[in-house]
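This report refers to the structure that appears directly beneath it.
The values are calculated or read from the model by the stated rules, or taken from the named source; none is laboratory data. All values reported here derive from a predicted model rather than from experimental measurement. Backbone-built Cβ (ideal geometry, glycine too); neighbour counts: all protein chains shown.
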């Protein structure tokens, strides 16, 4: 294969035919993409992906991989050296601070606030009118929630959301690097200002947790950046992809419309069917290893694709069918192992509340444009719509 299959325009619109072709040939494929001028190994099988997520020979320490390698990239350190780009013990320290933010009890306390945000966003929606589900709900809901946790002023939230979207642009590395510096510099200022101003807000609470967890200033800014980016980007896509999947499967939509209390149980299947995380963030092999019958030498980038693994028929028979009765608990949309997304409970709560509100308030909602005319974000890491026009 001489071309990168993950940068084909057809991949952004619908990655699943590409994933199926690659997986059928072999669940672990060497492809001409990656970092440091090297090809990468792409894992598309569910069993192989699940094993790779927990293999200690696959490191997430990007600084270790790029040490001594020439690079034309200029990512802000807060973005380049975050919890997702580290191994234990550094990862353990970061996760020890992040995990308590998203416990079941903490998320339960946040549900009234999330509900209030959804109510406010839908207050101007009227039957018969047209809205963009992405711009009018799926983006501002998680942005508002995570910015509330970080103490970001309301006047800055839309700007931060725009920078975060730029960070995932697969077609413009200069735009990505510039966005990383804007986010890093903004959050550095936010953290330093909060430290210099005594208070009892959410950000001050987070700073105390960081201090108690042994994180220095740069690590604190890095954690804040990760919470901002991961805390809303994937949830935005989760909500948009879920609504589109239901519109494309009227029987499933009707079932949830008749009984919205079924929504929490449907979330795993919606996540499996069209994962908001298409390809997990960077890993590299620290030793020679064998995955799915394929030898991966030490020192190569390795990409695990939850979007592909979730459509593996060996794990989920009839994977291209949305089936609300399916046991989808083994999906890999939140990852697996020590790097599994700690914010999963919050993402579920936001999607649950948003979907229930849409189903109960506007049960006759329909797409305003044909599904094949929808625009998708041009990024291989996440999968999400640029817009989803709806008639209420």
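Could you tell me which residue of the stretch 11-27 is nearest to residue 314 (Cα to Cα), considering only residues that are assigned to a helix (DSSP H, G or I) and under 22 Å from the mean Cα position of the chain (by Cα)?
Result: 20.
Let me confirm something: among 231, 265, 184, which residue is free of Cβ contacts under 8 Å to residues at least 60 places away in the same chain and at negative phi?
Result of the check over 231, 265, 184: 265.
So is residue 243 touching a strand residue (DSSP E or B) at 6+ places or on another chain (Cβ under 9 Å), surrounded by 23 or more Cβ atoms within 10 Å (Cβ to Cβ) and assigned to a strand (DSSP E or B) or not?
For residue 243, the condition - touching a strand residue (DSSP E or B) at 6+ places or on another chain (Cβ under 9 Å), surrounded by 23 or more Cβ atoms within 10 Å (Cβ to Cβ) and assigned to a strand (DSSP E or B) - is not met.
So how many residues does the stretch 1-32 have that are touching a strand residue (DSSP E or B) at 6+ places or on another chain (Cβ under 7 Å), modelled with pLDDT under 95 and farther than 21 Å from residue 276 by Cβ?
Count: 6.
Which of the following residues is free of Cβ contacts under 8 Å to residues at least 60 places away in the same chain and crowded, with 23+ Cβ neighbours inside 10 Å: 220, 197?
Answer to the selection: 220.
Within the group 175, 208, which residue is part of a helix (DSSP H, G or I) and under 17 Å from residue 74 (Cα atoms)?
Of 175, 208, the one residue that is part of a helix (DSSP H, G or I) and under 17 Å from residue 74 (Cα atoms) is 175.
Scan the stretch 304-335 residue by residue and report those that are surrounded by fewer than 23 Cβ atoms within 10 Å (Cβ to Cβ) and in contact with a strand residue (DSSP E or B) (Cβ under 9 Å, 6 or more places away or on another chain).
Once the filter is applied, which keeps residues that are surrounded by fewer than 23 Cβ atoms within 10 Å (Cβ to Cβ) and in contact with a strand residue (DSSP E or B) (Cβ under 9 Å, 6 or more places away or on another chain), the stretch 304-335 yields 334, 335.
Evaluate the following for residue 63: is it in contact (Cβ under 8 Å) with a residue 60 or more places away in the chain and either buried (at least 18 other Cβ atoms within 10 Å of the Cβ) or not in a loop (DSSP other than H, G, I, E, B) (or both)?
Criteria not met by residue 63.
Among the residues of the stretch 121-157, which ones are farther than 15 Å from residue 355 by Cα and either out of contact with any helix residue (DSSP H, G or I) (no Cβ under 8 Å at 6 or more places or on another chain) or free of Cβ contacts under 8 Å to residues at least 12 places away in the same chain (or both)?
123, 124, 126, 127, 128, 129, 130, 135, 153, 154, 155, listed by residue number.
Suppose we keep only residues that are assigned to a loop (DSSP other than H, G, I, E, B) and out of contact with any helix residue (DSSP H, G or I) (no Cβ under 7 Å at 6 or more places or on another chain) within the stretch 246-278. Which one would you say is surrounded by the most Cβ atoms within 10 Å (Cβ to Cβ)?
Of everything passing the filter in the stretch 246-278, 249 is surrounded by the most Cβ atoms within 10 Å (Cβ to Cβ).
Which residue out of 42, 38 is within 24 Å of residue 87 (Cβ to Cβ), in contact (Cβ under 8 Å) with a residue 60 or more places away in the chain and part of a loop (DSSP other than H, G, I, E, B)?
Step by step, each of 42, 38 is checked, and only 38 is within 24 Å of residue 87 (Cβ to Cβ), in contact (Cβ under 8 Å) with a residue 60 or more places away in the chain and part of a loop (DSSP other than H, G, I, E, B).
Being at pLDDT below 90 and not in a helix (DSSP H, G or I) is the filter; apply it to the stretch 75-102 and report the residue that is nearest to residue 230 (Cα to Cα).
Top of the filtered list is 82.
What's the number of the only condition in (1) part of a strand (DSSP E or B); (2) surrounded by fewer than 21 Cβ atoms within 10 Å (Cβ to Cβ); (3) under 22 Å from the mean Cα position of the chain (by Cα) that residue 284 fails to meet?
(2)
Would you mind stating whether residue 320 is in a loop (DSSP other than H, G, I, E, B), free of Cβ contacts under 8 Å to residues at least 40 places away in the same chain and either farther than 16 Å from residue 138 by Cα or within 15 Å of the chain's Cα centre (by Cα) (or both)?
no
Just wondering, is there one or more residues in the stretch 383-391 that are under 16 Å from the mean Cα position of the chain (by Cα) and either closer than 21 Å to residue 46 by Cβ or without any contact (Cβ under 8 Å) to a residue 40 or more places away in the chain (or both)?
Yes: one or more hits.
Given the condition touching a helix residue (DSSP H, G or I) at 6+ places or on another chain (Cβ under 8 Å), over 11 Å from residue 267 (Cα atoms) and outside any helix (DSSP H, G or I), answer yes or no: does some residue in the stretch 353-364 qualify?
Yes, that holds for at least one residue.
Filter the stretch 297-311 down to residues that are part of a loop (DSSP other than H, G, I, E, B) and under 20 Å from the mean Cα position of the chain (by Cα) and give me whichever is nearest to residue 283 (Cα to Cα).
Restricting to residues being part of a loop (DSSP other than H, G, I, E, B) and under 20 Å from the mean Cα position of the chain (by Cα), the top hit is 305.
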